[in-house]
Amino acid sequence: MLESRQQNQTQRVALVIQYLGTRFHGWQRQKGQRTVQEEIETAIATVLGYHVTLHGAGRTDSGVHAAAQVAHFQATTLIPAHRWAKVLNGYLPPDVLIRASASVSESWHARFSAVYRRYRYTIYTEQLPNLFAQAFSWHYYYAPLDESLMTSALIPLLGKHHLSAFQRAGSARSHSWVEVQAVECHRSGSFIHIEIQANGFLYGMVRLLVGMLVEVGSGQRALDSFTDIWQQERREKVKYSAPAQGLCLLRVGYTDFPFPEKIWYDTQPYLVMGYES
């Protein structure tokens, strides 16, 4: 009788997930497309013998990477929560990795309990291409980029704003309010790293923002013009979306999170390269 009760107990398991987005059609399950959610759900179903739904903290687009995506699922199983990472990694392809797993309360939700998401966008500025940078950065060599101008353009975004100028068509979201909590832009040798943290992101927001930010950094657009466009919600003026491969979901933040920082906080290595004259 005791064994029967144990077998019927359910647990909510949280996962910290890394994936290379290059060969994925995004996070969310889509019929006929290879997605991260479906790969992991298939692995879970192989272990359990039945399907469960994996709830992610956010949806990444086709080609976008994740250093610490967070998700959870509910299952009836005797497998301890902390063992799920090792178990699932035995069934997953080489472009997906579960860094850790842990038990969470029934009220904890990967999406709705999150207080922020943080993305990093990487730009490679050398004239010559580099195969080892190609999969994780935008190779922009058409004009020099001034990272100090790009930083100045980012700072007014701090706070709560309507950012519909940076929203792609097709979004099901009912409003365009975004609370931007932190911004950063710095150069490491040949690479410029842009980080944006917010309570949530609009569909395609970071890539559209970076596309116009590069116009500022290259001197094609004035700072005042950049700010006016998003403040006046002039979506028609935002023409270019930065390529997907430069974007990475860096981390997701929670007030109640069972994982130590070394597992999730800053797990995308910086690309750094430069030459001395």
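The values are calculated or read from the model by the stated rules, or taken from the named source; none is laboratory data. This structure is a prediction, so every number in the text was calculated from the model and none was measured. Cβ placement follows ideal geometry from the backbone for every residue including glycine, while neighbour counts extend to all protein chains displayed. What goes into the accessible areas is simple: the full protein's heavy atoms, side chains included, and nothing from ligands, DNA or RNA. Shrake-Rupley method; radii C 1.70, N 1.55, O 1.52, S 1.80 Å.
Values computed for the structure shown
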| read-out | value |
| --- | --- |
| Counted residues, region 93-121 - those being open to solvent by less than 20 Å² (accessible area, probe 1.4 Å) and within 19 Å of THR22 (Cβ to Cβ) | 4 |
| Any hit, region 23-38, residues being touching a residue at least 60 places away in the same chain (Cβ under 8 Å), open to solvent by 70 Å² or more (accessible area, probe 1.4 Å) and in contact with an Asp or Glu (Cβ under 8 Å, 6 or more places away or on another chain) | yes |
| Filter result (touching a residue at least 24 places away in the same chain (Cβ under 8 Å), polar (S, T, N, Q) and open to solvent by 10 Å² or more (accessible area, probe 1.4 Å)) within region 61-92 | SER62, GLN74, THR76, THR77 |
| Residue satisfying condition, being β-branched (Val, Ile, Thr) and under 30 Å from TRP108 (Cα atoms), within set VAL238, VAL206, VAL210, VAL214 | VAL206 |
| The one condition in (1) in the same structural domain as CYS248 (by the TED database); (2) closer than 18 Å to ALA14 by Cβ; (3) not charged (D, E, K, R) that ALA85 fails to fulfil | (1) |
| Residues (out of contact with any helix residue (DSSP H, G or I) (no Cβ under 9 Å at 6 or more places or on another chain) and either under 27 Å from TYR270 (Cβ atoms) or modelled with pLDDT under 95 (or both)) located in region 149-168 | THR151, ILE155, LEU158 |
| Neighbours by Cβ (under 6 Å, 6+ apart or cross-chain): first from region 133-148, open to solvent by less than 50 Å² (accessible area, probe 1.4 Å); second among the aromatic types (Phe, Trp, Tyr) | ALA133/TYR124; SER137/TYR124; HIS139/TYR124 |
| Members of region 163-220 found to be open to solvent by less than 20 Å² (accessible area, probe 1.4 Å) and in a loop (DSSP other than H, G, I, E, B), listed by number | LEU163, SER176, SER190, GLY200, LEU202, GLY204 |
| Restricting region 69-83 to residues that are modelled with pLDDT of 95 or more, assigned to a strand (DSSP E or B) and of a type outside the set (A, V, I, L, M), the residue that is farthest from GLY26 (Cα to Cα) | GLN74 |
| Which numbered condition GLY219 fails, given (1) more than 25 Å from SER107 (Cα to Cα); (2) under 20 Å from the mean Cα position of the chain (by Cα) | (2) |
| Positions within region 103-128 being assigned to a strand (DSSP E or B) and of a type in the set (S, T, N, Q), in sequence order | SER103, THR122 |
